[in-house]
Amino acid sequence: MHLLIPFAVSDDPASRQTLRSLRLPHLTRLLARLTPQPAEAGADSSPALPHERALAKTLRLDPLAPPWAALQAHDLGLEDAREEAWAFITPSHWQVGQAQVTLLAPEELALAEDESRTLLAAMQPYFAEDGITLLYENPTRWLARGAAFRGLATAAPERAIGRDVAPWLPASPTLRRLQNEMQMLLYTHAINEARAQRRALAVNSFWISGSGALAATPVAPAERPLVPQTLMQAAQRQDWPAWGRAWEALDATQGATLLAALEQGNAAVRLTLCGERQAQTFALAPRGLWSKLSSIFGAPPLSNIMDKL
């Protein structure tokens, strides 16, 4: 059993202050029993976040450009999932400021299914001209299939939410042009006019992420880590009280389950904690220096471990 936790801590000082006030008994006991593996750090300029790189490694995907959309297409049993290149398309609101353009979290749109499907239908002909097919998945995420996504590095929305989008835009003139065309199309679209009347945010662009093609058959879903999303969702809103509550709920549920598995003798138990800079995995290991030191002095304080992420 492998529990992989995105945004276990954030670079925001408020996150680290919140963490110090939390009671996470199951996590504390797990860290006292498990041995830290070498931390996996990546460049701040890497499109893939630490939890994406860690997850991609366990799934035998390219950690620098994991093809998440192709994996999803494969899991859904879509035709040509293995042969084609795929990407996620996220209907988005780009907020234009004086110095930069920032991406808002997709959830802030509160986009309804009928709105999303109508926008997809309006945009599909333009994508088709560039050999791209759009497939509806849910209101804030569509699948896209086309050669334009092969070998293309893209960043998850979480990389750009609340930040300047410029460093994370795809290095593809075709897709940059398509984004510009869709911004003009969406500016006067009836869906946005209706949303303006009820003071809802406009869908004024789209975000491309998870692009690429599968190089091999992916790991079966039953063998993949559990990846809870609640901490990441609260961290993206910078709602640290909610993030703290999510941590305590996670500790009481999946944390308790992982600890129980460990205490029942499951030698495959693994815990991966991911921050915004790096990720670290903790696993059961034969009694050695770490185990002896832990038994004598106790495990390092949780805050010391988290401060390294």
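The values are calculated or read from the model by the stated rules, or taken from the named source; none is laboratory data. All figures in this text were calculated on a predicted structure; none of them were measured in a lab. In this analysis, Cβ positions are derived from the backbone assuming ideal geometry, glycine residues included, and neighbour counts consider all displayed protein chains.
Would you be able to say whether some residue in the range 75-86 is aliphatic (A, V, I, L, M), in the same structural domain as residue 153 (by TED's automatic domain parsing), part of a loop (DSSP other than H, G, I, E, B) and in contact with a Lys or Arg (Cβ under 6 Å, 6 or more places away or on another chain)? Don't jump to the end; show me each part of the working.
Filtering the range 75-86 for residues aliphatic (A, V, I, L, M) gives 76, 78, 81, 85.
In the following step, the residues that additionally are in the same structural domain as residue 153 (by TED's automatic domain parsing) were identified as 76, 78, 81, 85.
From the residues that got through so far, the ones that are part of a loop (DSSP other than H, G, I, E, B) too are 76, 78, 81, 85.
Then drop every residue that is not in contact with a Lys or Arg (Cβ under 6 Å, 6 or more places away or on another chain), which leaves 85.
Checked against the condition, which is being aliphatic (A, V, I, L, M), in the same structural domain as residue 153 (by TED's automatic domain parsing), part of a loop (DSSP other than H, G, I, E, B) and in contact with a Lys or Arg (Cβ under 6 Å, 6 or more places away or on another chain), the range 75-86 yields at least one hit.
Condition check: at positive phi and either among the small types (Gly, Ala, Ser) or free of Cβ contacts under 8 Å to residues at least 24 places away in the same chain (or both). Does residue 110 satisfy that? Please lay out each step first, then the result.
Numbers: at positive phi: yes; either among the small types (Gly, Ala, Ser) or free of Cβ contacts under 8 Å to residues at least 24 places away in the same chain (or both): yes.
Answer is yes for this residue.
Working carefully through the options 68, 94, find the one that is touching a Gly at 6+ places or on another chain (Cβ under 8 Å) and either surrounded by 15 or more Cβ atoms within 10 Å (Cβ to Cβ) or closer than 29 Å to residue 217 by Cβ (or both). Please lay out each step first, then the result.
On the way: 94 fails: touching a Gly at 6+ places or on another chain (Cβ under 8 Å).
Within the list 68, 94, the selection yields 68.
Here are the criteria: (1) in contact with a strand residue (DSSP E or B) (Cβ under 7 Å, 6 or more places away or on another chain); (2) over 22 Å from residue 127 (Cα atoms); (3) part of a loop (DSSP other than H, G, I, E, B). Tell me which single one residue 53 does not satisfy.
(3)
Being more than 16 Å from residue 91 (Cα to Cα) and under 17 Å from the mean Cα position of the chain (by Cα) narrows it down to one residue among 166, 171, 153, 160; which is it? Full working, then the answer.
Values: 166 fails: under 17 Å from the mean Cα position of the chain (by Cα); 171 fails: under 17 Å from the mean Cα position of the chain (by Cα); 160 fails: more than 16 Å from residue 91 (Cα to Cα).
Just a single option satisfies the conditions, and that option is 153.
Name, by its number, the condition in (1) in contact with a helix residue (DSSP H, G or I) (Cβ under 6 Å, 6 or more places away or on another chain); (2) assigned by TED's automatic domain parsing to the domain that holds residue 133; (3) assigned to a loop (DSSP other than H, G, I, E, B) that does not hold for residue 174.
Just one mismatch for residue 174, condition (3).
Return the total of residues in the range 144-171 being in a helix (DSSP H, G or I) and either crowded, with 19+ Cβ neighbours inside 10 Å or out of contact with any strand residue (DSSP E or B) (no Cβ under 8 Å at 6 or more places or on another chain) (or both). Before you say what the answer is, go through the steps one by one.
We begin by selecting, within the range 144-171, every residue in a helix (DSSP H, G or I); these are 147-149, 157-160, 166-168.
So of that shortlist, the ones also either crowded, with 19+ Cβ neighbours inside 10 Å or out of contact with any strand residue (DSSP E or B) (no Cβ under 8 Å at 6 or more places or on another chain) (or both) come out as 147-149, 157-160, 167-168.
So the answer is 9.
What do you reckon, is residue 53 of a type in the set (D, E, K, R), within 20 Å of residue 161 (Cβ to Cβ) and modelled with pLDDT under 95?
Working: of a type in the set (D, E, K, R): yes; within 20 Å of residue 161 (Cβ to Cβ): yes; modelled with pLDDT under 95: yes.
When the stated conditions are applied, residue 53 passes them.
Being assigned by TED's automatic domain parsing to the domain that holds residue 242 and not in a loop (DSSP other than H, G, I, E, B) narrows it down to one residue among 30, 22; which is it? Don't jump to the end; show me each part of the working.
Working: 22 fails: not in a loop (DSSP other than H, G, I, E, B).
So the residue among 30, 22 that is assigned by TED's automatic domain parsing to the domain that holds residue 242 and not in a loop (DSSP other than H, G, I, E, B) is 30.
Wholly within the range 253-309, which helices (runs of 4 or more DSSP H) include no fewer than the required count, namely at least 2 residues that are modelled with pLDDT of 85 or more? First the steps, then the outcome.
Details: elements: 256-263, 289-297, 302-306.
Those helices (runs of 4 or more DSSP H) span 256-263.
In the range 206-227, what count of residues is obtained for those that are in contact with a strand residue (DSSP E or B) (Cβ under 6 Å, 6 or more places away or on another chain) and either in a loop (DSSP other than H, G, I, E, B) or at pLDDT 95 or above (or both)? Give the derivation first.
Step one: filter the range 206-227 for residues in contact with a strand residue (DSSP E or B) (Cβ under 6 Å, 6 or more places away or on another chain), giving 206-211, 225-227.
With the extra rule that they be either in a loop (DSSP other than H, G, I, E, B) or at pLDDT 95 or above (or both), the set shrinks to 206-211, 225, 227.
Looking only at that region, the number is 8.
Just to be sure, is residue 40 of a type in the set (Asp, Glu), outside the structural domain of residue 254 (by TED's automatic domain parsing) and either over 22 Å from residue 236 (Cα atoms) or surrounded by 14 or more Cβ atoms within 10 Å (Cβ to Cβ) (or both)? It would help to see each step written out before you state the result.
Details: of a type in the set (Asp, Glu): yes; outside the structural domain of residue 254 (by TED's automatic domain parsing): no; either over 22 Å from residue 236 (Cα atoms) or surrounded by 14 or more Cβ atoms within 10 Å (Cβ to Cβ) (or both): yes.
For residue 40, the condition - of a type in the set (Asp, Glu), outside the structural domain of residue 254 (by TED's automatic domain parsing) and either over 22 Å from residue 236 (Cα atoms) or surrounded by 14 or more Cβ atoms within 10 Å (Cβ to Cβ) (or both) - is not met.
Looking at the range 38-60, can you tell me whether even one residue there is of a type in the set (Val, Ile, Thr), more than 27 Å from residue 170 (Cβ to Cβ) and in contact (Cβ under 8 Å) with a residue 60 or more places away in the chain? So that I can check it myself, show each step before the final result.
As a first pass, look at the range 38-60 and keep what is of a type in the set (Val, Ile, Thr): 58.
Imposing the further condition that a residue be more than 27 Å from residue 170 (Cβ to Cβ) reduces the set to none.
No - not one qualifying residue is present in the range 38-60.
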